[in-house]
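Okay, so here's the structure we're looking at.
The values are calculated or read from the model by the stated rules, or taken from the named source; none is laboratory data. From a predicted model like this one, the values you see are computed outputs, not experimental measurements. Cβ placement follows ideal geometry from the backbone for every residue including glycine, while neighbour counts extend to all protein chains displayed. For accessibility, only protein heavy atoms count, side chains too; no ligands or nucleic acids. Shrake-Rupley method; radii C 1.70, N 1.55, O 1.52, S 1.80 Å.
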Amino acid sequence: DKIRLTGGEPLLRDGIVGFCKRLSNIEGLNSLVMTTNGCLLKRYAKDLKNAGVSRLNISLDTLNKDKFNKLTGIDAFDDVIEGIYEAQKCGFKNIKINAVLMGGINDDEIADFIELTKNNDFTIRFTELMPLGACSQWDKARFISSDLVLETNQNLERISFDGVSEIYRVNGYKGRIGLIR
């Protein structure tokens, strides 16, 4: 009853909106979710919503434009941020923003990510970096526990568990924080 479109980047595929429309018409389908890097989301958000995509997961490891350009190798930070807010404007609820925690890279931005949930129905999901593949050779300081999120943000209260994610919130904030260990 659920389909998740991932990639590469699904929005690069010719005919993606029509494909989503066809999928959303499958009898018994309750959820059509897309995971995207968000670079093309501003252009496609309205069409995706109209085609039946019910939820978005957006990968975004930093809120700093210079770091984003360095991590991704492309100058698309503004496109991603604008795409997130365009998706929200188009009616997407509970947009999930996935950030991989990396010591010395984005661990200084945890509070900034949490602050995004103050006025937005976002779930910021912090995922622990796993020492697999090429990154298994990285400096051990890159691999930090999601416990750091809790240690540095004492105002988070646990509210539930959603699949692989422990869900927290700051009292009075619209959005949520997820920890994926």
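A few notes on this one:
- Note on the stretch 52-173: with charges restricted to the Cβ of Lys and Arg (+1) and Asp and Glu (-1), its dipole about the Cα centre is near 340 debye.
- FRET E, pair residue 164, residue 75, Förster distance 45 Å, beta-carbon r, rounded to 0.05: 0.90
- Label of the coordinate-derived value, Cα extents along the principal axes in Å, listed as (1) 58, 38, 27; (2) 45, 36, 28; (3) 54, 41, 22: (2)
- Neighbourhood net charge (12 Å Cβ-Cβ; Lys/Arg +1, Asp/Glu -1) for residue 123: +4
- Spin-label model, residue 136 to residue 33: label points 7 Å out along the Cα-to-beta-carbon direction sit 2.7 nm apart.
- Among the GluC sites (Glu not before Pro) in the stretch 1-102, those located in a DSSP loop and surrounded by at most 11 other Cβ atoms within 10 Å of their own Cβ are 27.
- Charge tally for residue 79 (other residues, Cβ to Cβ under 13 Å; Lys, Arg +1; Asp, Glu -1): -2.
- Carbon and sulfur %, accessible surface of the stretch 1-157 computed with the full protein complex present, 1.4 Å: 49
- Taking all protein chains into account, the per residue accessible area for the chain stands at 53 Å² (1.4 Å probe).
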